[in-house]
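Visitor: One structure is given below, represented as structure tokens, and several questions about it will come after.
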Amino acid sequence: LFENDLTGNEVKLKKYFYAIRATLACIWIIENEILPPMEFRLLRTQVGDQSWQNAIETLLEIKQSASEKTIVPVVPVLHAWLKESLAFCKEKATEIPAYQGDINPLDELFQKYIKG
């Protein structure tokens, strides 16, 4: 997503938030070893940098009156954070053990809904 959708001088606001939310969720998983919350306001508490928070606040204000196709200028502090954080997440992801639990209940649920 970052390499494809967030290049150039302008980006879709929606794509920015997709990338930021996913990255924050990855960091949450790495640091807390539990599923991340769905609420963006909780995820963003992981970043203490005030310039980052200010940039997010500005984008949230734009989002309130934006359409699905709204395009915004690149925000350097967010781009730098995304690049650094994604590198961190890729490095740490290799240290997370694979889930070894029983997937049969999930498989049965999936099959139930496919068969209708």
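Visitor: Going through Lys83, Lys90 one at a time, which residue ends up being open to solvent by 80 Å² or more (accessible area, probe 1.4 Å), under 16 Å from the mean Cα position of the chain (by Cα) and touching a residue at least 60 places away in the same chain (Cβ under 8 Å)?
Guide: Values: Lys90 fails: touching a residue at least 60 places away in the same chain (Cβ under 8 Å).
Selected residue: Lys83, the only one of Lys83, Lys90 that is open to solvent by 80 Å² or more (accessible area, probe 1.4 Å), under 16 Å from the mean Cα position of the chain (by Cα) and touching a residue at least 60 places away in the same chain (Cβ under 8 Å).
Visitor: Moving to a separate point now. Name the residues in region 27-64 that are part of a loop (DSSP other than H, G, I, E, B), open to solvent by 40 Å² or more (accessible area, probe 1.4 Å) and either farther than 15 Å from Phe17 by Cα or aromatic (Phe, Trp, Tyr) (or both), would you? Walk me through it before giving the result.
Guide: Going residue by residue through region 27-64, those that are part of a loop (DSSP other than H, G, I, E, B) are 33-39, 47-49.
If we keep only those that are open to solvent by 40 Å² or more (accessible area, probe 1.4 Å) as well, we get 33-35, 38-39, 48-49.
Scanning region 27-64 gives Glu33, Ile34, Leu35, Gly48, Asp49.
Results for (1) free of Cβ contacts under 8 Å to residues at least 12 places away in the same chain; (2) more than 18 Å from the chain's Cα centre (by Cα), shown as yes or no for each residue.
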| residue | (1), (2) |
| --- | --- |
| Ile29 | no, no |
| Leu35 | yes, no |
| Arg41 | yes, no |
| Arg44 | no, no |
| Asn54 | yes, no |
| Leu78 | no, no |
| Gly101 | yes, yes |
| Asn104 | yes, yes |
| Lys112 | yes, yes |
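Visitor: If you don't mind, there's one more thing I want to ask. Please tell me if Glu31 is of a type outside the set (S, T, N, Q) and over 20 Å from Phe88 (Cα atoms). Please lay out each step first, then the result.
Guide: Numbers: of a type outside the set (S, T, N, Q): yes; over 20 Å from Phe88 (Cα atoms): no.
Considered against the rule, which asks whether it is of a type outside the set (S, T, N, Q) and over 20 Å from Phe88 (Cα atoms), Glu31 comes out as no.
Visitor: Being free of Cβ contacts under 8 Å to residues at least 12 places away in the same chain, open to solvent by 60 Å² or more (accessible area, probe 1.4 Å) and out of contact with any strand residue (DSSP E or B) (no Cβ under 6 Å at 6 or more places or on another chain), is that true of even one residue in region 68-75?
Guide: Quick first cut of region 68-75, residues free of Cβ contacts under 8 Å to residues at least 12 places away in the same chain only: none.
No, the conditions are met nowhere in region 68-75.
The values are calculated or read from the model by the stated rules, or taken from the named source; none is laboratory data. This is a predicted model, so every value here is computed, not measured. Counting neighbours? That spans all protein chains shown, and the Cβs are built from the backbone with ideal geometry, glycine included. Please note that ligands, DNA and RNA were not included when accessible areas were found on the heavy atoms of the full protein model with its side chains. Shrake-Rupley method; radii C 1.70, N 1.55, O 1.52, S 1.80 Å.
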